[in-house]
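Here's the structure, in structure tokens; my notes come after.
The values are calculated or read from the model by the stated rules, or taken from the named source; none is laboratory data. As the structure is a prediction and not an experimental result, all values here were calculated from the model. Glycine gets a Cβ as well: all are built from the backbone with ideal geometry, and neighbour counts include every protein chain shown. Only protein heavy atoms, including side chains, enter the accessible area calculation; ligands, DNA and RNA are left aside. Shrake-Rupley method; radii C 1.70, N 1.55, O 1.52, S 1.80 Å.
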Amino acid sequence: TKRLPRAIVVGVKKGGTRAVLEFIRVHPEGTVTSPMALSPPPGACPSSSLTFPLCFACRSLMPRTLDSQITVEKTPSYFVTKEAPRRIFNMSRDTKLIVVVRNPVTRAISDYTQTLSKKPDIPTFEGLTFRNRSLGLVDTSWNAIRIGMYAVHLQSWLQYFPLSQIHFVSGERLITDPAGEMGKVQDFLGIKRVITDKHFYFNKTKGFPCLKKSETSGLPRCLGKSKGRTHVQIDPEVIEQLRDFYRPYNIKFYETVGQDFRWE
Ligand code: A3P
């Protein structure tokens, strides 16, 4: 049967979303779809900014799955897209939502590092971060900054979904304890805890946990070169200013979700 996704990894960009998806793929009950690989027929989806899988017409594009399988989809931009919660709710109100969160300062630097690798001519990180550096005025319209204001974006989701339907993965713990974080993801998805410590090894060259056996080749597999990049060096004072900027948003976020991610 072709099914709508049971769960969507809705964010956040550079949080560790690829790792979560690749690890779910190892699970015999986990089927993963990629919005990139599937493009809806013209006119099938009413909004161009929100294409797959946010319309019923797209069901025909989903892979066939068995009753015992769950389909998981990933579109990290949804978390910060105003109309995404309503659209997902209207598509299927019991869709489970997964958000991989990471220290917003590190996330912003990771995001900038990625953009810089594609467009080497962009202004400096400092230049883009501040409206006025001496006044400590941060430019919240810059996406790299805006995405990390988790508490703000979460409010739009809570207008449609109860907190119990949203699972937050710690991007930091996903690196230090991938089996532990994936254990909680499996519980949330209601699938057996099949992915455990046995599936991972720490690859010293990569500096990250990798899979002992990939789902396709059965050979050890790390994520690609674009995952786990060396970050651009940023002035420690700028980092301090950004920490101060994010602190109230982080505290509000911890209070809302009832979990302390220890970014302070
Ligand atoms: P960096 O490249 O900044 O280190 P996303 O997939 O959402 O774009 O997130 C990318 C981030 O995933 C990487 O950011 C990296 O820190 C993190 N990550 C988590 N687990 C990883 C793993 N096992 N291998 C590589 N990167 C991992």
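Testing Lys14 on (1) at pLDDT 85 or above; (2) closer than 21 Å to Ile195 by Cβ; (3) assigned to a loop (DSSP other than H, G, I, E, B), one condition comes back false. Which one is that?
(2)
Since Ile195 meets every condition but one in (1) open to solvent by less than 40 Å² (accessible area, probe 1.4 Å); (2) under 27 Å from Arg86 (Cα atoms), which condition does it not meet?
Of the numbered conditions (1) open to solvent by less than 40 Å² (accessible area, probe 1.4 Å); (2) under 27 Å from Arg86 (Cα atoms), the odd one out for Ile195 is (2).
Checking the structure you have, find out if any residue of the range 229-237 is hydroxyl-bearing (Ser, Thr, Tyr) and over 21 Å from Ser110 (Cβ atoms).
Within the range 229-237 (the criterion being hydroxyl-bearing (Ser, Thr, Tyr) and over 21 Å from Ser110 (Cβ atoms)), the answer is no, since none of the residues qualifies.
Can you work out which of the residues in the range 202-232 that are open to solvent by less than 70 Å² (accessible area, probe 1.4 Å) and hydroxyl-bearing (Ser, Thr, Tyr) is nearest to the ligand (Cβ to nearest atom)?
The qualifying residue nearest to the ligand (Cβ to nearest atom) is Ser226.
Return yes or no: is Thr115 more than 28 Å from Phe188 (Cα to Cα) and either outside any helix (DSSP H, G or I) or open to solvent by 10 Å² or more (accessible area, probe 1.4 Å) (or both)?
yes
If you check Leu158, Leu135, which single one turns out to be in contact (Cβ under 8 Å) with a residue 40 or more places away in the chain and open to solvent by 10 Å² or more (accessible area, probe 1.4 Å)?
None of the other options fit; the residue is Leu158.
Please tell me if Ile175 is assigned to a loop (DSSP other than H, G, I, E, B) and surrounded by 17 or more Cβ atoms within 10 Å (Cβ to Cβ).
So Ile175 fails the test.
In the range 149-171, is there at least one residue being within 16 Å of the ligand (Cβ to nearest atom), in contact with a Ser or Thr (Cβ under 7 Å, 6 or more places away or on another chain) and either more than 18 Å from Ile88 (Cβ to Cβ) or not polar (S, T, N, Q) (or both)?
Taking every residue of the range 149-171 in turn, none turns out to be within 16 Å of the ligand (Cβ to nearest atom), in contact with a Ser or Thr (Cβ under 7 Å, 6 or more places away or on another chain) and either more than 18 Å from Ile88 (Cβ to Cβ) or not polar (S, T, N, Q) (or both).
Could you list, in sequence order, all residues of the range 194-225 that are part of a loop (DSSP other than H, G, I, E, B) and touching a Ser or Thr at 6+ places or on another chain (Cβ under 8 Å)?
Matches in the range 194-225: Pro220 only.
Considering only the range 233-264, state which residues are assigned to a helix (DSSP H, G or I), open to solvent by less than 60 Å² (accessible area, probe 1.4 Å) and over 22 Å from Ser141 (Cα atoms).
Tyr254, Thr256, Val257
Quick check on my filter: what residues within the range 94-128 are more than 10 Å from the ligand (Cβ to nearest atom) and among the basic types (Lys, Arg)?
Lys96, Lys118, Lys119
Checking Val101 against (1) open to solvent by less than 20 Å² (accessible area, probe 1.4 Å); (2) farther than 30 Å from Arg243 by Cβ: exactly one of these is not met. Which one?
Tallying (1) open to solvent by less than 20 Å² (accessible area, probe 1.4 Å); (2) farther than 30 Å from Arg243 by Cβ, Val101 fails exactly one: (2).
Would you point out which residue out of Thr71, Thr140, Thr65, Thr124 is over 23 Å from Arg173 (Cβ atoms) and in contact with a Pro (Cβ under 8 Å, 6 or more places away or on another chain)?
Thr71
Of the conditions (1) under 30 Å from Pro85 (Cα atoms); (2) more than 16 Å from the ligand (Cβ to nearest atom); (3) acidic (Asp, Glu), Glu240 satisfies every one except a single condition; which number is it?
Unmet condition: (1).
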